[in-house]
Amino acid sequence: MDKLENLRTQFIAIQQKTRAGDIFQSIGEVLSDTLTQVKVQPKTPIQLPENGDDALAKMKAYSQRLDNHRSGDGLDMVSDADLHLAAAQLANPLPKYRDTGAFFFLSDVIQNDLLSDEQMRWLTSYLISDDVLFSHIFEPNNAAIYQRSFSILVLSLLLFKQRTKSAFMAPQQLAIVINQIALYVAIERDTRGFIGTNGWAHAFTHIGNAVAEVLMMPQLLRADKLFLLASMLAGYRELQQPLNMGETERLVEVTMYSANAHPLYHDYILLTLKLWRKDLVTRQPPQNEGRWHQMYNRARFFNAIILRGKDNVPEKIFNYVSETRDFLT
């Protein structure tokens, strides 16, 4: 994890410079220079969760009791042991354990207040831990994507809870969460959506959900929101695998929400789009599959902005994209 720790140190330094106002126009370039260190490493064995059937049986039992509770019966809080068992199943490649199992279960118990504040703090810490959120992230596409992707998805639910109902995280923990998310959204490279019989990975849609929750938190510094937004866009800029299952549309939705929210974000987003256009002029034409995917991902981003319509996109951004998108296709 030395490589990850080095990246984290550099990201925190960039965040501090953003907070201090030392950088603004150059944030994207500085992040891009940092991300050049992200090199693919050889695959290593992945330890997948066990006890899937046992976990599924316990999760189904809670779901049944939740249905009974809606009919008027009482319901006990989730035990620590069962919470840990369910959280581990987010790494399971089989969707009956991961998606309709652990994710549905965790969504239900979070929304229905069946976890204590202490349990939600534990779950948050677990999901943002390096061994979970960054599991095998520097390696070629692998089965650890399910754990990374569904961890960021459940984090979005916890952030929603924090924002709208119960501020269970202290400012210090929330700051760590945002730093980890910023680093993750910048270095994730597995763009797969629906994968064979294993179902959804869809990391970049889930990224959009988590980033949106942070951007909607009114008490956070604008500089920290800007840094998170910049990290998401910097990661997108580097992608050399295609996004073609609705992920770009979700990321554009989040980006345009920011552009409409404050001139600071608007100006940075416009600068970023101009930087992407500049790449095509200053870099060599694509000579390999990855570079072509990179170019067409950007074209999808521009097209998705246009499809949102003039009424939903700030005028300067809409006009720039309208004038430029043909150059990207």
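The values are calculated or read from the model by the stated rules, or taken from the named source; none is laboratory data. Model, not experiment: these values are computed from the prediction. Positions of Cβ are backbone-derived with ideal geometry, glycine not excepted, and every protein chain shown enters the neighbour counts. Side chains are part of the model used for accessible areas, which takes the heavy atoms of the whole protein and leaves out ligands, DNA and RNA. Shrake-Rupley method; radii C 1.70, N 1.55, O 1.52, S 1.80 Å.
Relative contact order of the chain: 16 percent, from C-alpha pairs under 8 Å at least 6 residues apart in sequence. Modelled this way, with points 7 Å down the Cα-to-C-beta line, the labels at ASP53 and VAL40 are 3.8 nm from one another.
Size of the dipole of the range 236-329 about the Cα centre, Lys and Arg at +1 and Asp and Glu at -1 on the beta carbon, nothing else charged, in debye to 20?
Working: 13 positive and 11 negative charges, 44 e Å.
Approximately 220 debye in magnitude.
Ligands, DNA and RNA are left out, and with a 1.4 angstrom probe the accessible area of the range 16-76 is 69 Å² per residue. If you sort the three axes of the alpha carbon gyration tensor as a ≥ b ≥ c, you get a/c of 1.5 or more for the range 2-54 and a/b above b/c, which makes it prolate. Each residue of the range 250-255 was assigned a 3J(HN,Hα) from its phi angle through the Karplus expression (A = 6.51, B = -1.76, C = 1.60, θ = phi - 60°), giving 5, 5, 5, 4, 5, 5 Hz with x at Gly and Pro. Under 23 Å of direct C-alpha separation, and excluding same-chain neighbours fewer than eight residues apart, LYS310 reaches these lysines: LYS274.
On a 21 Å Cα-Cα criterion, which of the cross-link pairs LYS17/LYS316; LYS3/LYS225; LYS17/LYS225 come out too long? It would help to have the intermediate numbers written out before the result.
On the way: LYS17/LYS316 27 Å; LYS3/LYS225 25 Å; LYS17/LYS225 14 Å.
With Cα atoms farther than 21 Å apart: LYS17/LYS316; LYS3/LYS225.
At q = 0.07, 0.08, 0.15 Å⁻¹, work out log10 I(q)/I(0) for the chain with the Debye formula, treating every Cα as an identical point scatterer and leaving solvent out; two decimals please. Here the Debye-derived log intensity ratios amount to -0.29, -0.38, -1.27. Computed from backbone phi with θ = phi - 60° and the Karplus coefficients 6.51, -1.76 and 1.60, the 3J(HN,Hα) list for the range 318-325 is 4, 5, 5, 5, 4, 6, 9, 4 Hz; x is used for glycine and proline. For the residues SER135, SER231, SER116, a GNM of the chain with alpha-carbon springs under 10 Å puts the largest fluctuation on SER116.
Please report, as a whole percent, how much of the solvent-accessible surface of the range 22-158 comes from carbon and sulfur atoms (probe radius 1.4 Å). List each step's numbers first, then the result.
On the way: 3110 of 6300 Å².
For the range 22-158, the apolar C and S fraction of the accessible surface comes to 49 percent.
Cross-link partners of LYS58 among lysines, defined as those whose alpha carbon lies under 18 angstrom from its own and excluding same-chain residues fewer than eight positions apart: LYS96.
Quick one: length gained pulling GLN25 to MET217 fully straight, 0.36 nm per residue minus the C-alpha distance? Can you show the working numbers first?
Details: separation 192, 0.36 × 192 = 69.12 nm, distance 2.39 nm.
Full extension of this stretch gives 66.7 nm more.
Derived scalar couplings between HN and Hα for the range 275-284 equal 5, 4, 5, 4, 3, 5, 8, 8, 9, 5 Hz in order, rounded to whole Hz, by the Karplus curve 6.51 cos²θ - 1.76 cosθ + 1.60 (θ = phi - 60°), x for Gly and Pro.
How do the peptides 144-156, 253-265, 24-36 rank, highest first, by the average count of neighbouring beta carbon atoms within 10 Å per residue?
Details: 144-156: 24.7, 253-265: 18.2, 24-36: 16.2.
By packing density, highest mean first, the sequence is 144-156, 253-265, 24-36.
For ILE195, the amide hydrogen comes within under 5 Å of the amide hydrogens of TRP200, ALA201, counting only partners 5 or more places away or on other chains and with H modelled in the peptide plane.
Using the crude model of +1 on Lys and Arg Cβ and -1 on Asp and Glu Cβ, and no other charge, please compute the dipole size for the chain relative to its Cα centre, in debye to 20. Can you show the working numbers first?
Working: 34 positive and 36 negative charges, 203 e Å.
Computed charge dipole of the chain: roughly 980 debye.
Approximating the spin labels as points 7 Å out from Cα along Cα→Cβ, the ALA170-to-SER129 distance works out to 2.0 nm.
The simple Förster model, with R0 at 41 Å and r as the Cβ-Cβ distance, assigns ARG65 and GLU5 a FRET efficiency of 0.45. Along the axis of the charge dipole computed for the chain (Cβ charges of +1 for Lys and Arg, -1 for Asp and Glu, origin at the Cα centre), the listed residues ASN209, LEU123, THR255 are led at the positive end by THR255. Placing unit charges on each Cβ (+1 for Lys and Arg, -1 for Asp and Glu) gives the chain a dipole about its Cα centre, and among VAL177, TRP276, ALA57 the Cα reaching farthest toward its positive end belongs to TRP276.
By the helix-only formula, in which each DSSP H run with n ≥ 4 contributes -39500 (n - 2.57) and the sum is divided by residues, the chain has a 222 nm mean residue ellipticity of -21000 deg cm²/dmol. Cross-link reach is defined here as a Cα-Cα straight distance under 20 Å, omitting same-chain residues fewer than 8 places apart; for LYS39 the aspartates and glutamates meeting it are ASP2, GLU5, GLU29, ASP130, ASP131, GLU139, GLU188, ASP190, GLU238, GLU289.
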